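Data block below; observations after.
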Amino acid sequence: MADGGESAVERYKRLRAERLSGPTSWVEPAPPIAQDGLWRGLTREGEMRLLVARTSTAVRAITARLGCSDDVARVVAELATATLLVRSTLNPEAQVQLSIQNPGSAGRLLADVFPGEGGLRVSVATPGAVAAVDGPLLRDGLMQIARSRPGRDPYVSSTEFLGSGIETSMMEYLLHSEQILSFLRIDVAVQDGVATGAAGFLVQAMPEGSRADLERLVRNLDAIDPLRGAMTAEDPDARAWAGRLLDGFRWDQVAREKVAFACRCSRERVLALLAGLPREDIEDMVRREDPAETTCEFCRAVYRVATPDLRGLLSPGH
Ligand SMILES: [Zn+2]
């Protein structure tokens, strides 16, 4: 057209400006407050990435099974939520196992997050440890992160664990291993040895961002309220809260993931484990008619393998 109508370039610029200035879009519907979940937000220029998780139901199930002190329940719920968030920044298709070896009174901790229905489980060496009696639960040690996908060798990285905190250790890990500046905060409620509520968020400043973007984010973080209280029945995604955290940025909620406590133990796995023992050990158990008994370190399910089944492991084909 010769009448000064919009050119293709002008039209592109106009649509892009409209897209950049429109309101935040949300993935509907939001799951109800009683249901755990994780969502991702992304700024339109790619400066910031936000992950928000609610893990209340999962951490309640995990800590109730482990038989925790209040202190350990808090640590376990924090670790579960932090591992879930960190895994979602690395690779949502991968299984991530994060272990903390440290001489603190809680002992070794292991969190396992696997793909599928958002499975999450945690084990701890000394669930009954109490800081006031047994000394600090966590001390400086080693943190190992193993990422694995079916059919591939796991990728394992090790880093220093700082006894001062799980959040700090994970932020250091993400900065040094992934070269991404990250802010991680977990908020946990505990009652009678059970974590009754947990929520957490991780916000990352991507390389696309400017110094001014980062300063704005830090200002917003300084003023932000705890996340858990911002998740309500009317606003289960904490949309109002997220709007304050990313105030000044144009952004959208882009995806949701499921989260649930799940254990992968089974009688078949126990039998496979026993079959891997030295033959003389199995023969010894059979001779003494000693059933094998093992308790899952994550869900505390007890598996008992009686003598005839142990004898079966010695037969040809095993
Ligand atoms: Zn189990």
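The values are calculated or read from the model by the stated rules, or taken from the named source; none is laboratory data. Small disclaimer: the values here were computed from a predicted structure and weren't measured. Cβ atoms come from the backbone with ideal geometry, glycine included; neighbour counts cover every protein chain shown.
Quick notes on this structure:
- In the set (1) away from the ligand (no atom under 16 Å from the Cβ); (2) within 23 Å of residue 82 (Cα to Cα), residue 249 fails one condition alone, (2).
- Scope the range 120-140; condition closer than 14 Å to residue 98 by Cβ and not hydrophobic (A, V, I, L, M, F, W, C); matching residues: 121, 123
- Top-ranked residue in the range 293-303 [being touching a Ser or Thr at 6+ places or on another chain (Cβ under 8 Å) and not hydroxyl-bearing (Ser, Thr, Tyr); ranked as farthest from the ligand (Cβ to nearest atom)]: 302
- Pair list, Cβ < 7 Å and 6+ apart or interchain, from the range 284-304 residues that are under 14 Å from residue 268 (Cα atoms) and assigned by TED's automatic domain parsing to the domain that holds residue 68 to residues that are of a type in the set (A, V, I, L, M) and within 14 Å of the ligand (Cβ to nearest atom): none
- Helices (runs of 4 or more DSSP H) wholly inside the range 2-119 containing at least 1 residues that are crowded, with 20+ Cβ neighbours inside 10 Å, touching a strand residue (DSSP E or B) at 6+ places or on another chain (Cβ under 7 Å) and among the acidic types (Asp, Glu): 70-90
- Checking the range 205-222 against the condition returns a match, with at least one residue being surrounded by fewer than 21 Cβ atoms within 10 Å (Cβ to Cβ) and assigned to a strand (DSSP E or B).
- Note on the range 263-292: residues that are within 16 Å of the ligand (Cβ to nearest atom) and assigned to a loop (DSSP other than H, G, I, E, B) total 4.
One line per residue, one yes/no per condition, for (1) under 21 Å from residue 55 (Cα atoms); (2) over 13 Å from the mean Cα position of the chain (by Cα):
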site: 159; (1), (2): no, yes
site: 165; (1), (2): yes, yes
site: 176; (1), (2): no, yes
site: 181; (1), (2): no, yes
site: 191; (1), (2): yes, yes
site: 195; (1), (2): yes, yes
site: 199; (1), (2): yes, no
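- Residue match in the range 14-33 (condition: small (Gly, Ala, Ser) and touching a helix residue (DSSP H, G or I) at 6+ places or on another chain (Cβ under 6 Å)): no
- Selection of the range 154-180 for residues being in a loop (DSSP other than H, G, I, E, B) and not aliphatic (A, V, I, L, M) yields 154, 163, 164, 165, 179.
- One residue stands out in the range 252-262 among those that are more than 16 Å from the ligand (Cβ to nearest atom) and crowded, with 20+ Cβ neighbours inside 10 Å: the one that is farthest from the chain's Cα centre (by Cα), namely 253.
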